[in-house]
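Following: one structure in C-alpha cells, then a few remarks.
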Amino acid sequence: MDSGRTDIAHRLEKGHPKTSLSGRNLLRLILVLLPAVVLPIFSYLYFPSDLLWDDAAFVLKYVENITAGYGYRFNATDAEPIFGSSSFLFTILAALLKLVPYLSHDFLFVRLPGLLGYSVTLLLSFRIPSRQCGLIGGLLGMLMVASVPQYFSLADS
C-alpha cells in the first residue's frame, strides 16, 4: 500500500467488511440510525412545545433581544452585554435560527438544536458501549439514554 494513502481509502477500495454496506452492516446501520432520527422527531411531536426546562426562559430572552438588534443583553436597556445565559453558543445558534421565517413558530428555533443534540447523544450512546459489548450492548446503551427525556417529560406533567 502506498504510504500516502489512508487505511480507510484502502479498505474502501478492497471492499473491507467494516466499510461495505451490504447485508449485516446495512441492518446494523438501520438499527442505529432509525432510533437516532425517529426518537427526536417523536419527542418533538408528542411532548408539549410550551414546556420550558432549566434555562430556556433565559435563552428565549437573550434570543429576543439579539434578534431585535440589542445584542447579547438580557435587558434591552443594559449598558453593556451581560453573559448570563448558561450556553453562549446555543443562544447564538437559536438566534440565528429564529431569523429563518418558518423556524420561529412553536419555539422550533430553540427546540431544533436540542433535538439535533439529542440525536448526536443517542449515536454516541450507541457507539461507546458497542465497542466493548457489540450491537446489543450499543442498542441497550442507546435505549437507556433515550428513555431519560421522556421520563422527565411525563413526570413533569
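Remarks
- Number of positions in the range 94-118 that are surrounded by 12 or more Cβ atoms within 10 Å (Cβ to Cβ) and over 16 Å from Leu60 (Cβ atoms): 4
- Subset of the range 69-98 (residues that are under 20 Å from the mean Cα position of the chain (by Cα) and aliphatic (A, V, I, L, M)): Leu89, Ile92, Leu93, Ala94, Ala95, Leu96, Leu97
- Contact map, the range 61-74: first residue more than 10 Å from Thr91 (Cβ to Cβ), second residue among the β-branched types (Val, Ile, Thr) and not in a helix (DSSP H, G or I), Cβ cut-off under 8 Å, separation 6 or more or different chains; pairs are Arg73/Ile82; Phe74/Ile82.
- Residues of the range 61-93 satisfying the condition of being buried (at least 18 other Cβ atoms within 10 Å of the Cβ) and in a loop (DSSP other than H, G, I, E, B): Tyr72, Arg73, Ser85
Only the coordinates and a few stated rules stand behind these numbers; no lab work does. In this text the structure is predicted, and so the values were computed from the model without any measurement. All Cβ positions, glycine included, derive from the backbone under ideal geometry; neighbour counts span all protein chains shown.
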